[in-house]
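Participant: Structure in structure tokens, see below.
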Amino acid sequence: MSTPPDSNADTHPHQSTRTIVHVLRHGEVYNPKGILYGRLPGFHLSETGQAQARTVADSLAGHDITHVVASPLQRAQETAGPIAAAHGLSIAEDDKLIEAGNQFEGLRVAVGDGALSRPRHWWKLRDPFTPSWGEPYLQIAHRMLAAVNSARVAAVGHEAVCVSHQLPVWTLRRFLQGDRLWHDPRHRQCSLASLTSLVYEGDTLVDIVYSEPAGASDPTVAGA
């Protein structure tokens, strides 16, 4: 398993300033009803999620973190807390890092269970490519890239952490890799409290490094 890249690593003499933006998915959420909570307020980290946030902070303790920014949602802010505290930083807030909009918000959406088994909801599933049930993938990718670019400028020559959510992080990664944006959610490589680290030389993205400081999690678990 990869470890988060370090901006202090040696670079070749001809290369520009190295900046790393670590895009972090939040930790596990306390969600006993297993709903898709989306942008609903009041969903906080579980005890496991809090431990995951501390583990990520430990993994980044030796890194040159100079900027921490998070989605306004509580679970993202709580995940950012230990990292910001370890580096003596405050947490900036960026609405562009927020969870994707979704018309199934507040409902159970496990396959064969809840909302997806009810015919009145099937019309929302008519277009998996945009998708028809929520915020367009391209819109998610563009706002996430804007958030990353803002963080990169704020931490130029150092490292930044952006705390967001599974679908926005995975959509951003696919966009940067040149992959099609529609996908099977069961195959996302974006575990709880995972890092998708974007390595820049000057303004140019030169590498994407994925790591799981807190271990792997199942992408098919609704409401995680």
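Participant: Figure the gain on full extension for Thr3 and Glu93 (residue separation times 0.36 nm, minus the Cα-Cα span) and round it to one decimal in nm.
Facilitator: Numbers: separation 90, 0.36 × 90 = 32.40 nm, distance 2.59 nm.
Result for the pair: 29.8 nm of gain on full extension.
Participant: Also: Could you state the per residue volume, in Å³, of the convex hull enclosing the Cα atoms of the stretch 12-56?
Facilitator: Value for the stretch 12-56: 126 Å³ per residue.
Participant: Over all alpha-carbon pairs in the chain, figure out the percentage whose distance exceeds 31 Å.
Facilitator: Pairs farther apart than 31 Å: 19 percent.
Participant: In Å, what is the Rg of the alpha-carbon atoms in the stretch 20-101, and how long is Dmax?
Facilitator: 12.6, 39
Participant: Taking the DSSP beta bridges in the chain as the whole, what percent of them are antiparallel, to the nearest 5?
Facilitator: 55
Participant: Follow-up. Only four residue types carry charge here, +1 at the Cβ of Lys and Arg and -1 at the Cβ of Asp and Glu. Report the dipole size of the chain about the Cα centre in Debye, rounded to the nearest 20.
Facilitator: 940
Participant: Right, something else. In what sequence, largest accessible area first, do Trp170, Trp133, Trp182 appear using a 1.4 Å probe? Don't jump to the answer; show the numbers that get you there.
Facilitator: Details: Trp170 25, Trp133 55, Trp182 100 Å².
Ranked list, largest accessible area first: Trp182, Trp133, Trp170.
Participant: How would His67, His187, His158 line up by accessible area, probe 1.4 Å, largest first?
Facilitator: His187, His158, His67
Participant: Given R₀ = 45 Å, FRET efficiency for Ala154-Thr130 by Cβ-Cβ distance, to 0.05?
Facilitator: The formula returns an efficiency of 0.90 here.
Participant: Using only Cα atoms, find the angle between the long axis of helix 166-177 and the longest principal axis of the chain, and express it within 0 to 90 degrees, rounded to the nearest 10.
Facilitator: Between helix and principal axis, roughly 60 degrees.
Participant: On to the next question. How far apart, in nanometres, would the label points at Asp179 and Asp58 be if each is projected 7 angstrom from Cα along the Cα-to-Cβ direction?
Facilitator: Using points 7 Å along Cα→Cβ, the separation is 3.0 nm.
Participant: Additional query: Per residue, how big is the convex hull of the stretch 144-224 when only Cα atoms are used? Give it in Å³.
Facilitator: Looking at the stretch 144-224, the number lands at 95 Å³ per residue.
Participant: Now, a different point. Of the trypsin sites (Lys or Arg not before Pro) in the stretch 126-183, which ones lie in a loop per DSSP and count no more than 15 other C-beta atoms within 10 Å? Write down the numbers at each step before the final one.
Facilitator: Numbers: sites: Arg126, Arg143, Arg152, Arg173, Arg174, Arg180; in loops: Arg126, Arg180.
For trypsin sites (Lys or Arg not before Pro) across the stretch 126-183 that sit outside H, G, I, E and B with at most 15 neighbouring Cβ atoms in 10 Å, the list reads Arg126, Arg180.
Participant: Okay, next question. Which whole-number percent gives the relative contact order of the chain, counting Cα pairs below 8 Å spaced six or more residues apart?
Facilitator: On the way: 485 pairs, mean separation 74.2, N = 224.
Taking the mean separation of contacting Cα pairs over the length of the chain, I get 33 percent.
The values are calculated or read from the model by the stated rules, or taken from the named source; none is laboratory data. Computed from a predicted structure; not experimentally measured. When we count neighbours, we look across all protein chains shown, and the Cβ atoms used for this are built from the backbone with ideal geometry, even at glycine. For the accessible areas, the whole protein counts, side chains as well, though only heavy atoms, and no ligand, DNA or RNA atoms are used. Shrake-Rupley method; radii C 1.70, N 1.55, O 1.52, S 1.80 Å.
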